[in-house]
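J.: Sending over a structure as structure tokens; questions will come in a sec.
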Amino acid sequence: MPDPFTFNTAPSIQFGAGLMDDIATLAAPLGPWILIVTDQGLLATGIVDRAISALTKAGIKTEVFADVIADPPEATIHAATEAAQGCTGILGLGGGSSLDVAKLAALLAKGHQTLPEIYGVGNARGPRLPLMLVPTTAGTGSEVTPISIVTTGASEKMGVVSPILLPDIALLDPDQTLVLPAATTAATGIDAMVHAIEAYASASPNNNPISRRLSAEALTLMGPALERAVANDPKARADMLLGSMLAGQAFANSPVAAVHALAYPIGGHFKVPHGLSNALVLPYVLRFNAVAAPGPYADLAPHAFPHLAGLGPQEGAAAFAEALADLSARCGLPAKLRDLAIPEDALPMMARDAMNQTRLLVNNPRDVTEADALAIYQAAW
């Protein structure tokens with residue numbers, strides 16, 4: 001008999017190449033006045049203009065908030081919330097940061113709670129505005145997660161975690177990811193693979209059979225596809241977007257752990273994109289965890305890398321970590337913290353900051369002390 005668990009996800013997931021052509025019909029539940037939350041980079045691609053044109057032809061009024069930046073600070077959340085006043089629905093369009101801001105704007109625009117009140121797990125209650133999320137990166141899975149991450153102060157990150165943040169509709173059109181640069185495709189792709197890996201191995205009491213199956217299927221799709229997606233193969237782009245969504249569903253219910261906890265100080269202090277921060281520490285955290293819990297990593301290894309089938313737990317876990325490091329390198333990602341001009345004398349500060357990520361560290365299959373975090377950073381440096 002499986003242990004009791006809860007599994008939540010977005011009530012409607014629409015997937016298919018060219019679906020953005022039907023955006024006006026699909027967005028009808030958002031009402032007659034929609035705020036589009038996005039960023040300046042996506043605005044320059046023409047994707048936002050095409051969405052506006054389709055919505056306008058259908059008689060839907062639109063406003064655009066395009067001031068989202070990576071690792072959005074609290075000021076961005078407040079500005080988006082102000083822009084949402086009077087709107088009947090929110091359309092998040094872009095990468096994970098845009099989707100996270102859209103979620104919080106949809107909630108806070110109702111005026112029932114403030115941002116400080118909703119930090120943490122289960123503190124956001126709603127109601128919220130109708131919400132549709134359209135990812136243009138295959139990485140965060142934010143379109144199907146009840147999580148938004150906010151940068152507080154100079155560098156620390158805090159999360160808002162609540163089922164109320166799950167959108168009414170997640171629309172996934174792989175054609176919209178074709179404009180993504182190769183380096184961003186690689187980093188966000190590794191990020192999505194981390195979600196699947198950490199969800200599968202999570203020590204959370206809500207680690208469940210559904211999340212594990214989704215994680216395995218996500219890696220089956222993404223492991224062979226990432227290099228081809230970096231080269232802009234359309235089929236690989238579709239596999240990455242679907243795999244990212246499946247991994248998002250998995251970790252939304254079986255939460256991530258030490259890879260993310262150690263990645264956050266890298267991004268917070270040195271403005272390294274989140275996916276790349278994850279990629280930099282991933283092999284080293286896996287090697288650390290495999291000392292105590294190699295089984296989940298050995299189980300996952302052949303899903304992403306079929307040639308690793310048949311290995312024992314320790315051998316399979318070690319080979320998995322090496323294969324992931326090799327994949328990152330083949331995709332052109334830097335291998336070491338020093339490659340990004342992160343000074344060695346910053347490592348103790350990063351280790352201290354990582355210890356603040358208790359929401360994540362509690363899910364790690366091996367306890368992580370500050371000394372452990374420092375050793376992992378030193379190995380990655």
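The values are calculated or read from the model by the stated rules, or taken from the named source; none is laboratory data. Because the structure is a prediction, the values reported are computed rather than measured. No Cβ is skipped: glycine too gets one built from the backbone with ideal geometry, and neighbour counts run over all protein chains shown. Only protein heavy atoms, including side chains, enter the accessible area calculation; ligands, DNA and RNA are left aside. Shrake-Rupley method; radii C 1.70, N 1.55, O 1.52, S 1.80 Å.
J.: Ignoring ligands, DNA and RNA, what percent of the 1.4 Å accessible area of region 124-180 is carbon and sulfur?
T.: Carbon with sulfur: 61 percent of the solvent-accessible area.
J.: Spin-label point model (7 Å from Cα, Cβ direction): what's the Ser53 to Ser12 distance in nm?
T.: Result: 2.5 nm between the two label points.
J.: Here's a follow-up. Taking a cut-off of 20 Å, what percent of all Cα-Cα pairs in region 55-178 are separated by more than that?
T.: Pairs farther apart than 20 Å: 38 percent.
J.: So, with a 1.4 angstrom probe, what is the percent of accessible area on region 218-297 that is carbon and sulfur?
T.: 66 percent
J.: Filter the cross-link list Lys61/Lys110; Lys61/Lys157; Lys110/Lys271; Lys103/Lys271; Lys57/Lys103; Lys61/Lys271 down to pairs whose alpha-carbon distance in this structure exceeds 30 Å.
T.: Checking Cα-Cα distances, Lys61/Lys157; Lys110/Lys271; Lys61/Lys271 exceed 30 Å.
J.: Moving on. How long is region 1-98 along each principal axis, judged by its Cα atoms, biggest number first, in Å?
T.: 53, 33, 27
J.: Further, regarding this structure: Out of residues 5 or more away from Leu172 or on other chains, whose amide H comes under 5 Å of its own, with H placed 1.01 Å from N in the peptide plane?
T.: Those lying under 5 Å, H to H, from Leu172 are Gln14, Phe15, Gly16.
J.: Only Lys, Arg, Asp and Glu count, each charged at its Cβ (+1, +1, -1, -1), so figure out the dipole size of region 42-173 about its Cα centre, rounded to 20 debye.
T.: With Lys and Arg at +1 and Asp and Glu at -1, about 340 debye.
J.: Which of these values of volume of the Cα convex hull per residue in Å³ was calculated from the structure shown: (1) 121; (2) 157; (3) 171?
T.: The calculated read-out lines up with (1).
J.: Apply 1/(1 + (r/R0)^6) to the Cβ-Cβ distance of Leu43 and Arg338, taking R0 = 45 Å, and write down the FRET efficiency to the nearest 0.05.
T.: Plugging the Cβ-Cβ distance into 1/(1 + (r/R0)^6) gives 0.85.
J.: Taking region 315-381, which trypsin sites (Lys or Arg not before Pro) meet the DSSP loop condition and have no more than 15 other C-beta atoms within 10 Å?
T.: Here the sparse-neighbourhood loop sites are Lys336.
J.: Could you give the accessible area per residue of region 307-381, probe 1.4 Å, as a whole number in Å²?
T.: 49 Å²
J.: Which length gain, in nm to one decimal place, applies between Ala379 and Gln314 when the Cα-Cα distance is subtracted from 0.36 nm times their residue separation?
T.: 21.5 nm
J.: Further question on the same structure: Go ahead and estimate [θ] at 222 nm for the chain from helices alone: -39,500 (n - 2.57) per DSSP H run with n ≥ 4, summed, over the residue count, rounded to 500.
T.: -15500 deg cm²/dmol
J.: Further question: Only four residue types carry charge here, +1 at the Cβ of Lys and Arg and -1 at the Cβ of Asp and Glu. Report the dipole size of the chain about the Cα centre in Debye, rounded to the nearest 20.
T.: Around 360 debye, computed over the chain.
J.: Now, a different point. Quantify, in whole percent, the carbon and sulfur part of the accessible surface of region 1-65 (1.4 Å probe; protein heavy atoms only).
T.: Using a 1.4 Å probe with all protein chains present, region 1-65 comes out at 55 percent carbon and sulfur.
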